[in-house]
Amino acid sequence: MSFLTAWQPQSLTQEGRTFPAEMYISETIYQRELRQIFGRAWCYVGHVSQLQGPGSYFTLDLAEQPLVIVQNQAGALRGFFNICPHRAVPVVLGSGQCDRLSCRYHTLSFDLEGQLHESEGEQTEANPAEYPLRPIQVETWGPFIFVNLDLQAGPLADQLGELPEKFQRYRFDEWARIHSVDYWTETNWKLYVENNVESYHEFSVHASIARYYQATQAEARHHYYLQYAAFPPDDPDYAAKPPELISPGLGEPERTGKSTVSLFPNFAWIVRPWIAIIYLIDPQGRSRTRIRWDWLVPDSPTARAADNVQPLIEFFDNIQQEDLNLLPAIQRRIESSGYRPGRLSPTREVGTHLFQELVMRYLTRPD
Ligand code: FES
Ligand SMILES: [Fe+2]
């Protein structure tokens, strides 16, 4: 744990460097990240359209933690570890609708508040007070659901900072989720995020969007990295968009440009006035990561039509594949004895620098 114990905040311009190899390959550091970052920060888990009213639920393994998110009878969101307090069997599988969360092993069941439910005629020796499901915190930002496994953690708003205000005109509540995919990569989760928070490789790796990166505005503060690029005046994609595909209510900058956001630790988006790609980044091993992408469009029949949606899916999937073709090769080289940390670009890797500082701040907090 030499790097962790010796770590001091770094100035990007004087001494900013990429992480040493141990940060991407050490099982000890990875386990510490699961506890100190994914166990204590607000993490993105899904979109509200995955729930359809009281009793609806979905499960997920986030950073190797089995969780269930459920809508209670009043429609409020609740979250629990998906672990039966008797002998650790899941209390629910997949997603769907239920009145109670029921363990198949010895048939204990729990109401939507996580309390042991005793129905008439049911013989149980369990004392309800000793058998609640273990709760987690759940909050939303618009249609985006976040959880915090630490019941002592402050509210989601602390972590979001100015983001809700900056992006309120998009009214993402009114967008429709039209497609979702899980991508898997043999890559440490931080390499994926770092690739996503720099504005450096787009020229060379992503030919289809390189033109947007001539002039970008970037901001790295609190827990987030933002990047905005105005569409070039003669941009063929932008010029060809009929008004009915554009989200209503947008101001001039939102209507005439694209934004990317990365919110520490596991949420990000790419947003244009007619499409949003929402990222859920999920460590599933020290060199294995799941990336869930949800495609959202403004909720109109024209925008949801297949002839609008299909080209958008293909376009952004291509960009994702361009990154996924690179990242495992980087992981393998970091595992080589020939790897040494490189210098961070003071202008193009401000997001990477902020991300690394946040990782280290969380990792060096007392247990
Ligand atoms: S493990 Fe769930 S009731 Fe026994
Ligand atoms: Fe990329």
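Just so it is clear, none of the values below were taken in a lab; they were calculated from the coordinates. These numbers come from a predicted model, not from an experiment. All Cβ positions, glycine included, derive from the backbone under ideal geometry; neighbour counts span all protein chains shown.
Quick check: from the Cα gyration tensor, does segment 43-157 come out rounded (a/c under 1.5), prolate or oblate? List each step's numbers first, then the result.
Numbers: a/c = 1.90, a/b = 1.62, b/c = 1.18.
Judged from the Cα gyration tensor, segment 43-157 comes out prolate (a/c at least 1.5, a/b above b/c).
Note on S2 and Q320: with the Förster distance fixed at 35 Å, the Cβ-Cβ geometry gives a FRET efficiency of about 0.50. Each Lys and Arg contributes +1 and each Asp and Glu -1, all at the Cβ; summed about the Cα centre of segment 43-157, the dipole is approximately 280 debye.
Helices in the chain, meaning DSSP H runs of at least 4 residues, each add -39500 (n - 2.57). Divided by all residues, the mean residue ellipticity at 222 nm is -7000 deg cm²/dmol. Fewest neighbouring Cβ atoms within 10 Å first, the residues C43, C98, C84 line up as C98, C84, C43. A Förster radius of 35 Å combined with the Cβ-Cβ distance from E15 to A239 puts the calculated FRET efficiency at roughly 0.20. In terms of its C-alpha gyration tensor, the chain has an oblate overall shape, because the principal axis ratio a/c (a ≥ b ≥ c, square roots of the eigenvalues) is not below 1.5 and a/b does not outweigh b/c.
The charge dipole of the chain, taken about its Cα centre with unit charges on the Cβ of Lys, Arg, Asp and Glu (plus for the first two, minus for the last two), comes to roughly 820 debye. Considering the chain as a Gaussian network with a 10 Å cut-off on Cα pairs, which listed residue, Q152, Q227, Q331, attains the greatest mean-square fluctuation? The residue that fluctuates most here is Q152.
Residues considered: D158, D299, D150. Largest GNM mean-square fluctuation over the chain, using C-alpha springs under 10 Å, is found at D158.
Under the classification rounded if a/c is under 1.5, otherwise prolate if a/b is larger than b/c and oblate if not, where does segment 220-313 fall, given a ≥ b ≥ c as square roots of the Cα gyration tensor eigenvalues? In terms of gyration-tensor shape, oblate.
For the chain, build the charge dipole from Cβ charges (+1 Lys, Arg; -1 Asp, Glu) around the Cα centre, then report which of Y279, F264, S56 sits farthest towards its positive end. With unit charges placed on the Cβ atoms, the residue in question is F264.
For segment 43-157, the relative contact order comes to 25 percent (Cα pairs under 8 Å, sequence separation of at least 6). Ordering V89, V68 from the fewest to the most neighbouring beta carbons within 10 Å gives V89, V68.
Cys residues of the chain that find no other Cys beta carbon under 4.7 Å: C43, C98.
Sparsely packed loop sites in segment 133-198 (the trypsin sites (Lys or Arg not before Pro) outside DSSP H, G, I, E and B with at most 16 other Cβ atoms within 10 Å) comprise R171.
Computed from Cα atoms, the angle from the helix 306-334 axis to the main principal axis of the chain rounds to 90 degrees. Ranking of D282, D367 by neighbouring Cβ atoms within 10 Å, starting from the fewest: D367, D282.
Report the GluC sites (Glu not before Pro) located in segment 137-172 that are in a DSSP loop and have at most 10 other Cβ atoms inside 10 Å of their Cβ, or state none. Within segment 137-172, no GluC sites (Glu not before Pro) qualify (loop, at most 10 other Cβ atoms within 10 Å).
Highest GNM mean-square fluctuation among A129, A229, A215, for the chain modelled with Cα contacts below 10 Å: A129. Rounded to 0.05, the FRET efficiency of the R332 and Q31 pair, given R0 = 25 Å and the Cβ-Cβ distance, is 0.70. Counting every C-alpha pair in segment 284-367, the share spaced more than 22 angstrom apart comes to 54%. Per-residue extension of 0.36 nm, minus the Cα-Cα distance of E22 and D150, leaves a gain of 43.4 nm for this segment.
A dipole drawn for segment 43-157 from +1 and -1 charges on Cβ atoms has a positive end, and of C103, P143, P128 the residue lying farthest that way is P143.
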